[in-house]
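To keep things clear, I will list the structure first and then write my remarks on it.
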Amino acid sequence: MQRVERLDERLASLPKPLLQQSREFRLAADDCLVVCAGFEDRAIGVLKNAIAAGGVFTAVIIDYRPIVPENRLAEMRNVCQKAGLRAIEVIYDRENPADFGTILNEKISGMAGRVFLDVSAMSRLLIVQSLVALGRRACGFAGCVVAYAEATIYPPTQEEVELALRHSAEDPLYSILLLSSGIFDVTVVPELSSTAVAGDQTRLVAFPTFSTDQLTALRSELAPSRVTCIHGVPPKPENQWRTAAIARINQLGLAPPDNVLASTLDYRETFDCLVELYNAHSERERILVSPTGSKMQSVAVGLFRTFIDDVQIVYPTPKEFRSPQNYTRGVGQLYSLDLGAISAEL
């Protein structure tokens, strides 16, 4: 009798499309670009690039709520108006994000061309929701392209982190607050809940960050039996100190088997880690994944969750953001990821 290959085995052997550097995004009249009006400079980088390339297309602008005064919604409206683009707006409420994927698919349902999903300024949960929704369409990921703009500056600096660690060592009550502050809720949206039967053993797969509140909240509220941490490794040597620093801030080691290293840019490494973890543990444990890593690591989580239903997505929604100046600045290298091959293979 011929053995039937399991879905996770098929995903492990699936040729995954390569993230490509892009000089410009050329969109046709029937294409659409989905952008999120965040406060980072790179929020508007892909939109301006596509307009400069001469395209006249539809822009689907995600209005991110609760409102942050520095968000670039007004700037995006103005840029689209000057370029003669058709602009459609849709609200994403980070405190009530359930079923956003359905709303997004409704907005783009009548468009015949490609869908460019600019993840540069999206929250990690929004990235996962959007990709899962796009992948679940009848056409799957056919005609779907992920667009991504790197930043040129990634706060905090190494000096700021070392100073915070020294303060923490001197004062046990000192809270290291480098990016966001507090957790609004550990969010579970129905469309990303698990189809697996709840069991006694759970494994949390987490991506440690400079915001220590996130991992603390996940452990406290979910009380997982085991935790596996996927530590992000930046591609540029000058940023690779961040991996060990984040581990120190969260009082974690980097040694396996409970710790795994994966690139913050090459989504394939994170995707493969998730497949390996699922293959090793899903028969005995219920797996919870919290996509708090880099934007491209969150793309990997979204692609993985599109095909694996019995994994629960959980997300520690920040309560407050520190000044936008504490976040990334500038618009660096642009990238594109054509997901059509994934639809064709599966």
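The values are calculated or read from the model by the stated rules, or taken from the named source; none is laboratory data. Only a predicted model underlies this, so the values are computations on that prediction, with no experimental measurement involved. For neighbour counting, all protein chains shown are included, and Cβ atoms are generated from backbone atoms with ideal geometry for every residue, glycine included.
Pairing each residue of region 246-258 that is touching a residue at least 60 places away in the same chain (Cβ under 8 Å) with any residue that is in a helix (DSSP H, G or I) and not hydroxyl-bearing (S, T, Y), provided the two are 6+ apart or on different chains, yields C-beta distances under 8 Å for R248/L165; I249/V161; I249/A164; I249/L165. Quick check: anything in region 10-19 among the hydrophobic types (A, V, I, L, M, F, W, C), under 30 Å from S282 (Cβ atoms) and assigned to a helix (DSSP H, G or I)? Yes, the conditions are met somewhere in region 10-19. Across region 99-121, the number of residues qualifying as surrounded by 15 or more Cβ atoms within 10 Å (Cβ to Cβ) and either part of a loop (DSSP other than H, G, I, E, B) or not β-branched (V, I, T) (or both) comes to 14. For E283, the stated conditions hold: it is assigned to a loop (DSSP other than H, G, I, E, B), out of contact with any Phe, Trp or Tyr (no Cβ under 7 Å at 6 or more places or on another chain) and at pLDDT below 95. Could you say whether any residue in region 66-73 is at pLDDT 95 or above and touching a Leu at 6+ places or on another chain (Cβ under 9 Å)? Checked against the condition, which is being at pLDDT 95 or above and touching a Leu at 6+ places or on another chain (Cβ under 9 Å), region 66-73 yields no hits at all. Exactly one residue out of A198, A262, A247, A217 is within 30 Å of I103 (Cα to Cα) and modelled with pLDDT of 90 or more, and it is A217.
Checking I127, I62, I88 one by one, the residue that is in a helix (DSSP H, G or I) and in the same structural domain as F141 (by TED's automatic domain parsing) is I127 and no other. Going by what's in this entry, would K319 be described as within 17 Å of the chain's Cα centre (by Cα), basic (K, R) and in the same structural domain as P234 (by TED's automatic domain parsing)? No; evaluated as a whole, the condition is false for this residue.
Scanning region 253-292 for residues that are in contact with a Cys (Cβ under 7 Å, 6 or more places away or on another chain) and of a type in the set (D, E, K, R) yields a count of 1. Residue count for region 246-276, restricted to those that are under 14 Å from the mean Cα position of the chain (by Cα) and of a type in the set (K, R): 1.
The listed residues are L7, L47, L117, L73, and the only one of them that is closer than 30 Å to T317 by Cβ and not assigned by TED's automatic domain parsing to the domain that holds F141 turns out to be L7.
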